[in-house]
Structure formats: C-alpha cells, structure tokens
Amino acid sequence: MIFRPLKYVKYAQKAVDKLSAIQPDFREKFDTDNYASWFYNQSSETLKLYSDDKEIYFLYIPVGTFSQNTNTWMWAWANEDSVEPRKFRTLKIKELGEKKKYENLINAHFDGDKYTGWELTSIAFDIIGGIGTYRVISDHLEVYFLLTEQISKEEVEKIESELIECSAHGKLRKAFICQHLNTEYKTGFEEAFDTYRGMELNEDDDLQAWCEECERERLKTDGWSDESMEFAKIKLVCERCYFAIKEFNLNAKKH
Ligand SMILES: [Zn+2]
Ligand SMILES: [Zn+2]
C-alpha cells in the first residue's frame, strides 16, 4: 500500500497541474510527438528524437523509472545502474520530502500505478525545473526525463568527445587528482572549489583534487609550481571515481 497523506496529495496535484499547463506548449514548440524513434545516452545525458528526415537533441536530467512488471518506482538518485552525473540533482526532491515528511519523495523505491511516473516527474519539474519532460518505454521500463535545454548535434558530439572512458564506470566526465588520492587509505582531500555530485561545470572549470601532502607542497611555493606539480603527478579519472575518493576521504567510517 502507498501511504499518501492529504497534504502530499494536494502538493502532487498542484505539481501535476503546473506541468500539464506547460507541457502542451513544449510538445508543440518542439513537435516532440512527430518523431519516429528515440535514443538516449546516459554518459552525455542527451536525448535524441529522430525520424528519417529530421532529428532533435535535448540535455536531460533523469528523474526515475517505473517498472510495468513489478509496478515499482525508483528515483534516479537510487539507481546504481545509471551513470548520469546529474541524477543526483533529484536528491533535491528527497530533501523536500524529508522536510515535509512525504514518504514518496524520500524512499528510494516503492509501489505505484500507471500515474506514479507522471506524478513524480511533475514534482521533479516543480522542484528542479526544465523546458519540458519526456518519457520513453523500453522493455516494460518507463524512463522519465526532465529536459533542460535543446542542444545541437555538434554540442552533443563535443560533450561526448570530452568524456573519459573509465574501466570501472564507462564514459563519464573527466576529473583530475594527484597521484596519492585513493580509496584504500585516507590522504586528505583538497579541492580547487567546492564540488557536489552531478554539479554543472563551467567551460573552464574541472573537478580537481589533491591530498594533504600535495597541499603542503603547494603552499610552500604559494600555489602550484613545477616542483609541487612534479610531486602531485596529476592524473585523470572519471567523475564517479572522483566522488568515490572524496566520500571515502570525508567519511569518518573506515573501510
Ligand atoms: Zn597528493
Ligand atoms: Zn571511474
């Protein structure tokens, strides 16, 4: 059974109404109903709609999935199989759920029905925003997206060309770390700027981190120098490896 307190039901309805008010305009503007096929790429978080004679691309944030086999919803943040960096944006929904005590926004997965996907996507739209939403169905799995902007094929190719192929995690955004950072023992974790999983990065910003010892070397010369760079031997990892190392270093619990 799904517990749906009245306060939640009212909130959900408001969100559904809000999305219902903008979604028809979105569909008309981009003519999204008139494409024969779809394809989405988790690594670049891009959705392509296409027919023989036309195609259109969007950047997306994954919201969650609904299994028609088990009638269960799963939030994107809880989905271990998904590699989309921006899936963690949906943790904002969980935060609101915790504040308001809305079980459906807190629990990773729960039972639902054929309305669940749109209801939760409406709530995601209300909290995170976007230009519209889209759903694809593949093998009895409904996959829901918030579309954040339309982009060109060239932009998609540029995003994909800048990804790194990680042997553990697949194609993801690049991150830079010193040679000492690892997930075996703690080294301290210094960053170029505060980061969080799934964050938007400016063109010139890269995820960059180094250990305590590198920080000491760096401070000796008042910033990076040839010597401290030589000591750090910065290397490339994927975004997921980066945050795994960050969490390992910042968490009190020992592995
Ligand atoms: Zn180091
Ligand atoms: Zn990795």
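Just so you know, all these numbers are worked out from the coordinates, no wet-lab data involved. Remember, it's a predicted structure, so these values are computed and weren't measured experimentally. Reconstructed Cβ throughout: ideal geometry from the backbone, glycine too, with neighbour counts over all protein chains shown.
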Seminar exercise, completed: Taking 0.36 nm per residue of separation between Glu55 and Thr70 and subtracting their Cα-Cα distance, the length gained on full extension comes to 2.1 nm
For this session: Counting only C-alpha contacts under 8 Å and six or more residues apart, can you give the relative contact order of region 6-156 as a whole percent?
Result: 29 percent
Exercise. So how strong a dipole does region 163-250 carry about its Cα centre when Lys and Arg Cβ are +1 and Asp and Glu Cβ are -1, to the nearest 20 debye?
Worked result: 440 debye
For this session: Among Lys94, Lys48, Lys235, determine the one that fluctuates most according to a GNM of the chain built with springs between C-alpha atoms less than 10 Å apart.
Result: Lys235
Problem set entry | Where Rh is the Kirkwood radius over Cα pairs, Rg/Rh for the chain | 1.03
Exercise. If contacts are Cα pairs under 8 angstrom and at least 6 residues apart, what is the relative contact order of the chain in percent?
Worked result: 19 percent
For this session: In Å³ and rounded to a whole number, note down the convex hull volume per residue for the Cα atoms of region 6-156.
Result: 105 Å³
Seminar exercise, completed: With label points set 7 Å from each Cα along the Cα-to-Cβ direction at Lys100 and Asp33, the distance between them in nm comes to 2.9 nm
For this session: Determine, for each peptide in 214-223, 69-78, the mean count of other beta carbons within 10 angstrom over its residues, then list the peptides with the highest first.
Result: 69-78, 214-223
Exercise. When the chain is fully extended, how far beyond the present Cα-Cα distance does Thr183 get from Arg135, taking 0.36 nm per residue of separation?
Worked result: 13.6 nm
Problem set entry | Dipole moment magnitude, nearest 20 debye, the chain about Cα centre, only Lys, Arg, Asp, Glu C-beta charged | 1300 debye
Exercise. With each run of n ≥ 4 DSSP H residues scored as -39500 (n - 2.57), what mean residue ellipticity at 222 nm is computed for the chain after dividing by its residue count and rounding to the nearest 500 deg cm²/dmol?
Worked result: -10500 deg cm²/dmol
Problem set entry | Cα-centred dipole magnitude for region 1-66, charges only on beta-carbon of K, R (+1) and D, E (-1), debye, nearest 20 | 640 debye
Exercise. How many lysine pairs are close in region 182-255, with Cα atoms under 21 Å apart and the two 8 or more places apart or on different chains?
Worked result: 9
Exercise. Expressed in nm to one decimal, what extension gain is obtained for the pair Ala244 and Asp17 from 0.36 nm per residue of sequence separation less their Cα-Cα distance?
Worked result: 77.8 nm
For this session: Translational diffusion coefficient, Stokes-Einstein: compute it for region 142-255 using the Kirkwood radius over C-alpha pairs as Rh, at 10 °C and 1.306 mPa s, and state it as an integer in µm² s⁻¹.
Result: 101 µm²/s
